[in-house]
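Have a look at this one.
The values are calculated or read from the model by the stated rules, or taken from the named source; none is laboratory data. This structure is a prediction, so every number in the text was calculated from the model and none was measured. Don't worry about glycine lacking a Cβ; one is built from the backbone with ideal geometry, like all the others, and counts go over all protein chains shown. All accessible areas refer to the heavy atoms of the entire protein, side chains included, with ligands and DNA or RNA removed. Shrake-Rupley method; radii C 1.70, N 1.55, O 1.52, S 1.80 Å.
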Amino acid sequence: MRARMVELSWSGQRVPAIADELRCSPKTVRRWLHRFNRSGLDGLEDLGGQGRKRRITEAERSRIIGLVRQPAPGRLTVQADGELAAADESGPPEWTLDALAAESRRLGIDVGRSQVRRILLAEGVRWRRTRSWTRSRDADFEGKGPGSSGSTPARPTARRSSAPTSSDR
């Protein structure tokens with residue numbers, strides 16, 4: 001479109017006519033024509049360096065994404081002798097956004113929880129969410145008691161509308 005502005009200008013059209021034809025403002029046409037006159041074809045290129053610079057590098061972003069692929073340091077794993085143990089019992093058992101941000105800072109990457117979330121969403125990476133329940137295949141495992149009674153509905157029933165229906169008339 002920028003080259004077309006120059007072409008139309010060379011053919012003798014005035015700025016308002018060029019703006020109408022290209023469906024842009026006259027100010028835009030003038031800006032690009034002035035840049036072309038100053039810098040030639042290079043003036044029609046986008047200027048680099050626009051916008052805010054990233055605070056963390058691509059390598060740091062990759063390290064954050066790589067953390068999610070590793071088991072959390074506090075996660076229990078079955079050892080060779082059959083016992084459960086964690087690499088770091090004080091560490092988080094599951095990756096959460098807070099845990100990922102804290103681990104990133106420990107690795108020297110200055111990043112906050114919301115930025116970790118944006119990075120993972122941009123890459124399509126899913127992180128684990130903490131669950132408040134557990135199940136075990138261990139025969140000695142005891143649950144916390146019976147579940148809900150059979151009379152408790154699994155999900156709420158739909159409310160009836162107070163608006164009259166055709167059968168109410």
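So the check is Cβ under 7 Å with 6+ separation or different chains; which pairs have a first residue in the range 44-61 that's on the phi < 0 side of the Ramachandran plot and modelled with pLDDT of 90 or more and a second one that's assigned to a loop (DSSP other than H, G, I, E, B) and open to solvent by less than 70 Å² (accessible area, probe 1.4 Å)?
Glu60/Ile109
Moving to a separate point now. Condition test on Gly108, is it at positive phi and at pLDDT 90 or above?
Yes: the conditions hold for Gly108.
Any idea which residue in the range 50-88 is nearest to Asp138 (Cα to Cα), counting only those that are in a helix (DSSP H, G or I) and of a type in the set (D, E, K, R)?
Arg69
While we're here: Of these, Arg113, Arg105, Arg75, which one is under 21 Å from Arg126 (Cα atoms), touching a helix residue (DSSP H, G or I) at 6+ places or on another chain (Cβ under 8 Å), open to solvent by 70 Å² or more (accessible area, probe 1.4 Å) and not acidic (Asp, Glu)?
Checking each option against the conditions leaves just Arg113.
Quick one: which of Ala80, Ala122, Ala85 is loosely packed, with under 14 Cβ neighbours inside 10 Å and touching a Ser or Thr at 6+ places or on another chain (Cβ under 9 Å)?
So the residue among Ala80, Ala122, Ala85 that is loosely packed, with under 14 Cβ neighbours inside 10 Å and touching a Ser or Thr at 6+ places or on another chain (Cβ under 9 Å) is Ala85.
Which numbered condition in (1) outside any helix (DSSP H, G or I); (2) open to solvent by 30 Å² or more (accessible area, probe 1.4 Å) is the only one that Gly91 fails?
(2)
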